[in-house]
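Have a look at the structure below, then the notes.
The values are calculated or read from the model by the stated rules, or taken from the named source; none is laboratory data. Fair warning: this is a prediction, and the values are worked out from it, not measured in the lab. Cβ placement follows ideal geometry from the backbone for every residue including glycine, while neighbour counts extend to all protein chains displayed. Each accessible area value is taken on the protein alone, full model and side chains, heavy atoms only, with ligands, DNA and RNA left out. Shrake-Rupley method; radii C 1.70, N 1.55, O 1.52, S 1.80 Å.
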Amino acid sequence: MTPTVNGKEVTVGPPLWLLAEVTYACPLHCVFCYNPVDYTQHGPELTTQEWIKVLRDARAAGSVQCGFSGGEPLVRDDLEELVAEAHKLGFYTNLLTSGIGFTAERAKALKDAGLDHVQLSFQDSTRELNDFLSHTKTFALKQKAAQLIQANGWPMVLNCVIHRLNIDYIDKIIELAVDLGAEYLELANSQYYSWAQLNRDGLMPSREQLQRAERVTNEYREKLGDKLRMFFVVPDYYETRPKKCMNGWGNIFLTISPDGTALPCHTAKMIKHLEFPNVKDMTVKDIWYDSGSFNYYRGDAWMKEPCRTCPEKEKDLGGCRCQALMLTGDAANADPVCDKSEHHQLVLDAVAYAQVPNVKRVEVKPLVFRDPINSRKLSTVSE
């Protein structure tokens, strides 16, 4: 379809990838969580029947892949029913889970419901650091979840967010993935949004750490061959060009948050000048093609310089709108990761601080763990 955006027609394909964030509730308290910092202030979760309507609407609008996420999606006792509906509709279904609550009984029920794929997260390869970073005692539970994934024949992606506190043990994380029988390993360097943005000074690795981690990862790629496919995602602060965020605003990716708010990416709620629609009020098709918020940053009519006349704008579409907002106060600015941005020095300063060894830092900020108390405190401060 070709909606008109700022006086120009823009070709828009269907929302191929649906992320169903069925809850913000989670037993973990990760310092890099991408859920909104003010998640306790959001509305009540959609009911089972409301989620089923979302799935039907999204499939009718052209969605083909559905990820069930959170928080921790296993907190919802209707997850099996939602997976079964998605499977019946023809979705390829993916569960993104911490593994907490993944019992043999639930694994069987999800298998019977037609779940296609599981992504299991670890925080580290050791019990001590895994449990510290999640502020819970869950390492053994995650190991059991990995065994259940294997026992049920699901292809397993093991995901580990990489940052300053665990990047030096990346070899051990890779070995853990091999021991658990993972087919894919995502070594996803933390991207600095939400809780990770609060903890950026404590999480951003040094350039030396990154270079060593990439070298070690490549050595293991040669050693393991096809036994384990690894994806190493560099934090974009170390790049000179921004990422094409979510492959473009409202281009492929659609998030439905727990209260039914529809978003072009999972952090877009921070852009307060946009009023994002809710699936309780509009169909997915109407949201995707006709809502003002989804059309706002489509195309290039919204761009300011240097993006507007940049010969590379089709490659990155100006970068990430949320990152531009967080760092510059204006979501329409060029992503400061780009060295053409007038605000690029903000990124350079953050990178420079990351090179300072911990022992030489004059002031060390304590990590802020994701929990309801901290969420309420931070929500009050931001008001």
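Computed values, structure above
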| item | result |
| --- | --- |
| Every residue from region 117-164 that is touching a His at 6+ places or on another chain (Cβ under 8 Å) and not aliphatic (A, V, I, L, M) | S134, H135, T136, W154, P155 |
| Qualifying residue in region 321-336 (condition: polar (S, T, N, Q), touching a residue at least 24 places away in the same chain (Cβ under 8 Å) and not in a helix (DSSP H, G or I)) | yes |
| Residue under evaluation L79, criteria (1) within 23 Å of G260 (Cβ to Cβ); (2) open to solvent by 40 Å² or more (accessible area, probe 1.4 Å); (3) of a type in the set (A, V, I, L, M), criterion not met | (2) |
| When residues of region 1-43 are limited to those that are polar (S, T, N, Q) and open to solvent by 30 Å² or more (accessible area, probe 1.4 Å), the one modelled with the lowest pLDDT | N6 |
| Members of region 278-313 found to be in a loop (DSSP other than H, G, I, E, B), under 22 Å from the mean Cα position of the chain (by Cα) and farther than 26 Å from E45 by Cα, listed by number | Y297, R298 |
| Unmet criterion (only one of (1) open to solvent by less than 30 Å² (accessible area, probe 1.4 Å); (2) in a loop (DSSP other than H, G, I, E, B); (3) in contact (Cβ under 8 Å) with a residue 60 or more places away in the chain) for G62 | (3) |
| Sole residue being more than 20 Å from Y220 (Cα to Cα) and either open to solvent by less than 10 Å² (accessible area, probe 1.4 Å) or out of contact with any helix residue (DSSP H, G or I) (no Cβ under 8 Å at 6 or more places or on another chain) (or both), chosen from L148, L133 | L133 |
| Identity of the residue in region 166-190, buried (at least 21 other Cβ atoms within 10 Å of the Cβ) and touching an Asp or Glu at 6+ places or on another chain (Cβ under 8 Å), that ends up nearest to P357 (Cα to Cα) | N166 |
| Filter result (surrounded by fewer than 23 Cβ atoms within 10 Å (Cβ to Cβ) and in contact with a Ser or Thr (Cβ under 9 Å, 6 or more places away or on another chain)) within region 197-226 | R200 |
| Members of region 97-114 found to be of a type outside the set (V, I, T) and touching a residue at least 60 places away in the same chain (Cβ under 8 Å), listed by number | S98, G101 |
